[in-house]
Amino acid sequence: MKLEVSGVGKDYLIPVIDSVSFAAEAGEFVCLLGPNGCGKTTLLRIVGGIEPATRGRVVLDGLPVIAEQRQPRKVGIVFQEDRLLPWMTLRDNVGLVLTPLGVGAAERAATADRYLKLAGLAGFEAYYPGRVSGGMRQRAAIARALAIEPDLLLMDEPFGALDAQNRRIMQTEVRRIWRETGRTIIFVTHSIEEAVAIGTTLVMLSARPSRVRELIRNDGRVERAKLVDDLNTMIMEEVERQQGAGPPGA
Amino acid sequence: MTWRDWTARLHLPTLLVTVLIVIGWGLLSWRYGAYVLPSPLAVLAGLRDILRTGEIWTHTAASLARIAVGFGGAVLVAVLLGLAAFLSRLARGAVHDVLAVLNSTSVFVWIVISIIWFGLSNWAPIFTTFMITLPVVGSNIVEGVAGVDRRLLEMGDVYRLSGRRKFTAIVVPSTLPYLVAGMKIGFGLALKVSVVAEIFGVTSGIGYVMNYSREILATQMVFAWAVVMILVMTLTDKLVFDTVSRRLTRWR
């Protein structure tokens, strides 16, 4: 799945995203970085077709993404929160998103179990979300996003609520799942270390109203420690610039 | 189980308080006479009489039948209002305001109006029950509908769930606890209200028979029927509503 984001911008009361363009080839793992409030989540929602863009367009394999319309492409999303239905077991939660694909009940359960296992949740299929830990809920949400075999997988700071150890485990898991399934992934994070550890392409956004400040191929040609340092310097500059611009609306 | 567990399970403090009240009641009744305050034993004898004649079943059934129609109708209309509130933001505002107005209308207003409209018939207590319980159940459902987590609905959109699927998988399960809570309060209210409305113009039901007992100076029967009412209320609460809400929140 090839993704093209061209000149996408978004205004609320103030312009949040000025103009962002980048492209991702099939199977790429793109990490979106940037200071808080620069519109990373908004950009992800525009790519996912949840919100319309004020300007510009998003094209998935030649087909434009139109907000709030049934997309011809399968897009899986992992939100900052797990967004599981608390009254359904993990198996039913994953199975639910397979219903629009016309999958029968028995196959839904089998597919759900397969992806829950992939996410390290074998044995917990019949548990309700409230009975498992936050990390396990987030993994179930990832299993749900993968179960539809998405053309594009969007992840919005999916590990934000996890402690450091679970976070590392989940990063390795997602990286492994990405290698095994070859999906195109757009991954929003505010952690530079995380981005450098798992992304193949790093997109650094500038302060609000945001543009692409830097697009970096994380192919091992630049040493990781130096990359982390450079990105840290960049993000500090952008944070300062955003704060210098005063409060929103001023 | 320890001594403390048993004390809690048998409601021992409650029992103790009850015994004290019954003793006080007996003393007062001995002081003021059976017309003002019949003795506990007279009330028990009254209960035994209505059990033996079967009156307890006919009058309770008559009251419950009226409640079933009036309260059942209110639940039905409340669900429809909730549906409208879910489908349209405009409707939600209107429904909310109408229910608020109904909520602040006195029981007596509906009793008088229902007698004017329906005369001395079954429909008077049914209508009164309907009008009083509708805002209680309705505002609970509307609150439940408004409280449906938008983020879950958005998740449903992203995964392209059909409208019907979103309704059954997301809206209904998150609204049901509100409906059951509303019905629990509504039913208690229905029992209290319909009994008052039965004083006028009908010849069966707990309210009718209580008022009749008062007229023939059988105060012990007024008390006996009050006990029946309390039993009906407690039993439905424990057996029906508690069971249903426990089943609904299994996942918690």
Of everything in the range B:163-185 that's without any contact (Cβ under 8 Å) to a residue 40 or more places away in the chain and surrounded by 20 or more Cβ atoms within 10 Å (Cβ to Cβ), which residue is farthest from the other protein chains (Cβ to nearest Cβ)? B:178
If you take the residues of the range B:194-221 that are part of a helix (DSSP H, G or I) and of a type in the set (Ser, Thr, Tyr), which of them is surrounded by the most Cβ atoms within 10 Å (Cβ to Cβ)? B:194
Working only within the range A:200-231, note down all residues that are surrounded by 12 or more Cβ atoms within 10 Å (Cβ to Cβ), more than 24 Å from residue A:184 (Cα to Cα) and not hydrophobic (A, V, I, L, M, F, W, C). A:208, A:209, A:229, A:230
Any residue at all in the range B:241-250 that is within 14 Å of chain A (Cβ to nearest Cβ) and under 22 Å from residue B:135 (Cβ atoms)? yes
Among the residues of the range B:197-224, write down those that are touching a helix residue (DSSP H, G or I) at 6+ places or on another chain (Cβ under 6 Å) and either within 19 Å of residue B:75 (Cβ to Cβ) or of a type in the set (A, V, I, L, M) (or both). B:197, B:199, B:202, B:206, B:209, B:210, B:221, B:222, B:224
Within the group B:65, B:85, which residue is without any contact (Cβ under 8 Å) to a residue 60 or more places away in the chain, surrounded by 13 or more Cβ atoms within 10 Å (Cβ to Cβ) and closer than 29 Å to residue B:133 by Cα? B:65
When the range A:52-82 is checked residue by residue, the ones that are acidic (Asp, Glu) and facing chain B (nearest Cβ under 10 Å) are A:68, A:81, A:82
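Take residues that are under 28 Å from residue A:93 (Cβ atoms) and tell me which of the helices (runs of 4 or more DSSP H) falling wholly in the range B:103-193 contain 2 or more.
In the range B:103-193, B:123-146, B:150-158, B:163-166 are the helices (runs of 4 or more DSSP H) which contain 2 or more residues that are under 28 Å from residue A:93 (Cβ atoms).
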Looking at this structure, is residue A:47 surrounded by 16 or more Cβ atoms within 10 Å (Cβ to Cβ), closer than 21 Å to residue A:234 by Cβ, touching a residue at least 24 places away in the same chain (Cβ under 8 Å) and more than 10 Å from every other protein chain (Cβ to nearest Cβ)? no
So, first residue more than 7 Å from chain A (Cβ to nearest Cβ) and more than 20 Å from residue A:102 (Cβ to Cβ) in the range B:149-162, second residue surrounded by 14 or more Cβ atoms within 10 Å (Cβ to Cβ) and charged (D, E, K, R), Cβ within less than 8 Å, six or more apart or across chains; the pairs are B:153/B:166
Would you mind stating whether residue A:90 is buried (at least 18 other Cβ atoms within 10 Å of the Cβ), closer than 14 Å to residue A:147 by Cα and facing another protein chain (nearest Cβ under 10 Å)? no
Collect the residues in the range A:93-104 that are surrounded by fewer than 19 Cβ atoms within 10 Å (Cβ to Cβ) and either within 10 Å of another protein chain (Cβ to nearest Cβ) or among the charged types (D, E, K, R) (or both), keeping them in residue-number order. A:99, A:100, A:101
Residue A:107 within 22 Å of the chain's Cα centre (by Cα), exposed (fewer than 15 other Cβ atoms within 10 Å of the Cβ) and assigned to a helix (DSSP H, G or I): no
Please go through the range B:69-90 and pick out each residue that is modelled with pLDDT under 95 and aromatic (Phe, Trp, Tyr). B:86
Where residue A:164 falls short, out of the listed (1) of a type in the set (Gly, Ala, Ser); (2) more than 30 Å from residue B:175 (Cβ to Cβ); (3) modelled with pLDDT of 90 or more; (4) out of contact with any Lys or Arg (no Cβ under 8 Å at 6 or more places or on another chain): (3)
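Tell me, which helices (runs of 4 or more DSSP H) wholly within the range A:131-250 include 2 or more residues that are of a type outside the set (Lys, Arg), touching a Cys at 6+ places or on another chain (Cβ under 7 Å) and closer than 20 Å to residue A:120 by Cβ?
none
The values are calculated or read from the model by the stated rules, or taken from the named source; none is laboratory data. Please read all numbers here as calculations on a predicted model, not as lab measurements. Virtual Cβ from ideal backbone geometry, glycine too; neighbours counted across all protein chains shown.
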